[in-house]
Amino acid sequence: MTKPVRKAIFPVAGLGTRLLPATKTMPKEMLTVVDRPLIQYAVDEAREAGIEQMIFVTGRGKSSLVDYFDMGFELEATMSKAGKSLDPLAPAKTGFGEIVSVRQQQPLGLGHAIWCARHIVGDEPFAVLLPDDLMVGQPGALKQMVDAYATLGGNIVCAQEVPADKTASYGIITPGETRGDATEVRGLVEKPKPEDAPSRLGVVGRYILQPEVMDILGRGEKGAGGEIQLTDGMAKLIGRQPFHALKVDAVRHDCGDKAGFVLANLAIALDRPDLRPMIEDYLASR
Ligand code: G1P
């Protein structure tokens with residue numbers, strides 16, 4: 001029997017330097033894809049997967065992320081008085097206590113950000129969602145992972161084949177046996193140069209992890225880029241606990257990158273019947 005995954009960590013303390021100047025005063029997770037901020041997509045995906053508690057690991061200048069999911073009291077009162085529908089606000093509604101936040105305080109790496117949530121996670125398995133990886137799938141990527149977790153247990157990372165010259169942007173997997181969409185993980189290395197990469201199977205921003213990783217991350221060992229890497233912490237679980245990479249049926253948009261962000265807007269807008277015709281007309285006219 002595996003314990004259910006009820007909690008998810010959203011590391012959202014990053015500076016978003018690849019998206020400057022937009023992210024100078026605006027958290028990258030609040031950038032809008034069509035009509036909602038990036039963080040909304042990740043929270044919706046987590047909810048669909050049955051997550052009950054969303055843990056935001058934030059930092060300075062990131063308060064708007066927490067405010068966004070709070071009740072917009074003045075806005076609701078003003079809109080109601082003016083007879084306007086409150087429906088557009090519905091996605092940003094959360095239950096009492098559904099969102100909690102902790103501060104990372106110093107940018108010491110993704111592994112460090114995850115470790116900052118250790119007291120909230122306790123001794124339960126947990127999910128991690130990196131909101132800049134916008135995953136479009138039905139069901140969502142995390143739901144597909146949670147379903148696989150029911151039989152695989154242990155640790156699961158979402159994985160995709162990445163271009164051979166891009167391995168230095170990802171955690172890369174040494175693959176073992178593959179059954180269906182799940183591949184046994186025999187090794188993990190953070191951002192290897194193409195000539196050092198054990199495969200082209202890269203980790204994308206969705207994880208289901210066992211709480212033991214927290215103790216390993218707590219040792220504060222530095223890896224690639226001088227940062228405390230989640231990949232290195234996870235690598236130490238291999239051989240001790242089941243560990244799989246799952247290829248999900250979803251399209252990934254790397255919204256931490258300008259082109260990826262624009263493509264995400266286009267892809268999501270093209271899926272919207274109210275927006276599709278105008279965009280198609282515009283693209284056809286180019
Ligand atoms: C992080 C992880 C990396 C993973 C990637 C997926 O890197 O460290 O292992 O492959 O997310 O998006 P980042 O993109 O934050 O540099």
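The values are calculated or read from the model by the stated rules, or taken from the named source; none is laboratory data. A quick note: this is a predicted structure, and the numbers were derived from the prediction, not measured. A quick note on method: Cβ atoms are made from the backbone with ideal geometry, for glycine too, and the neighbour counts reach across all protein chains shown. Surface accessibility is based on the protein's heavy atoms, side chains included, excluding ligands, DNA and RNA. Shrake-Rupley method; radii C 1.70, N 1.55, O 1.52, S 1.80 Å.
Accessible area, 1.4 Å probe, largest first: how do LEU20, LEU270, LEU65 sort?
LEU20, LEU270, LEU65
Quick one: Debye curve from the C-alpha atoms of the stretch 145-275, no solvent, what's log10 I(q)/I(0) at q = 0.13, 0.20 Å⁻¹?
The Cα Debye sum returns log10 ratios of -0.59, -1.19.
Can you give the FRET efficiency to the nearest 0.05 for THR25 and ARG103, using r as the Cβ-Cβ distance and R₀ = 22 Å?
It comes out at approximately 0.75.
What aspartates and glutamates could a cross-link reach from LYS143, if we take a straight Cα to Cα line under 19 Å and drop same-chain neighbours fewer than 8 places away?
List returned: ASP44, GLU45, GLU48, GLU52, GLU98, GLU124, ASP132, ASP133, ASP181, ASP249.
For the chain, give me the percentage of DSSP beta bridges that are antiparallel, rounded to the nearest 5 percent.
Percentage antiparallel, nearest 5: 60.
For the pair VAL251 and ARG179, what calculated FRET efficiency results from E = 1/(1 + (r/R0)^6), where r is the Cβ-Cβ distance and R0 = 22 Å, to the nearest 0.05?
0.40
Roughly how many nanometres apart are two label points built 7 Å out from the Cα toward the Cβ at LEU283 and GLU195?
4.0
If I build a Gaussian network model for the chain, linking alpha-carbon pairs within less than 10 angstrom, which residue out of ASP271, ASP132, ASP87 has the largest mean-square fluctuation?
Fluctuation is largest for ASP87.
Would you calculate the separation in nanometres between label points at GLU161 and ARG18, each defined as 7 Å from the Cα along the Cα-to-beta-carbon direction?
The modelled label-to-label distance comes out at 2.2 nm.
Using 7 Å Cα-to-Cβ label points, what is the ASP215/THR151 separation (nm, one decimal)?
Simple spin-label model gives 3.1 nm for this pair.
Just tell me which lysines come within less than 19 Å, Cα to Cα, of LYS28; anything on the same chain fewer than 8 places away is out.
Qualifying lysines at Cα under 19 Å: LYS62, LYS258.
On the accessible surface of the chain, probed at 1.4 Å, how many percent belong to carbon and sulfur atoms?
The C+S portion of the solvent-accessible surface of the chain is 54 percent.
List the residues whose amide H sits under 5 Å from the amide H of GLY14, counting only those 5 or more places along or on another chain, with H placed 1.01 Å from N in the peptide plane.
none
Can you give the net charge of the other residues whose Cβ lies under 13 Å from the Cβ of GLU76, counting K and R as +1 and D and E as -1?
Spelling it out: positives minus negatives among the neighbours equals 0.
Where Lys and Arg each count +1 and Asp and Glu each count -1, what net charge lies around VAL57 among other residues with Cβ under 15 Å from its Cβ?
Around VAL57, the surrounding residues sum to +3.
Would you please name the trypsin sites (Lys or Arg not before Pro) within the stretch 1-71 that are DSSP coil residues with at most 16 other C-beta atoms within 10 Å of their C-beta?
ARG6, LYS24, ARG60
Which value, in Å², gives the accessible area per residue of the stretch 91-167 when a 1.4 Å probe is used on the protein heavy atoms?
Averaged over the residues of the stretch 91-167, the accessible area is 43 Å².
Can you bin every Cα-Cα distance in the chain into 10 Å intervals starting at zero and give me the percent of pairs per bin, rounded to whole numbers?
Cα pair-distance distribution for the chain, in percent: 6, 27, 36, 21, 7, 2, 0.
Comparing GLU190, GLU76, GLU124, which has the greatest mean-square fluctuation in the GNM of the chain with Cα pairs linked when under 10 Å apart?
Per the Cα network of the chain with a 10 Å cutoff, GLU76 tops the list.
Counting only Cα atoms, I'd like the Rg/Rh figure for the stretch 1-142, Kirkwood definition for Rh.
When Rh is taken as the Kirkwood radius, the ratio is 0.98.
Rg to Rh for the stretch 65-131: what is it, with Cα atoms only and Rh by Kirkwood?
Dividing the radius of gyration by the Kirkwood radius yields 1.12.
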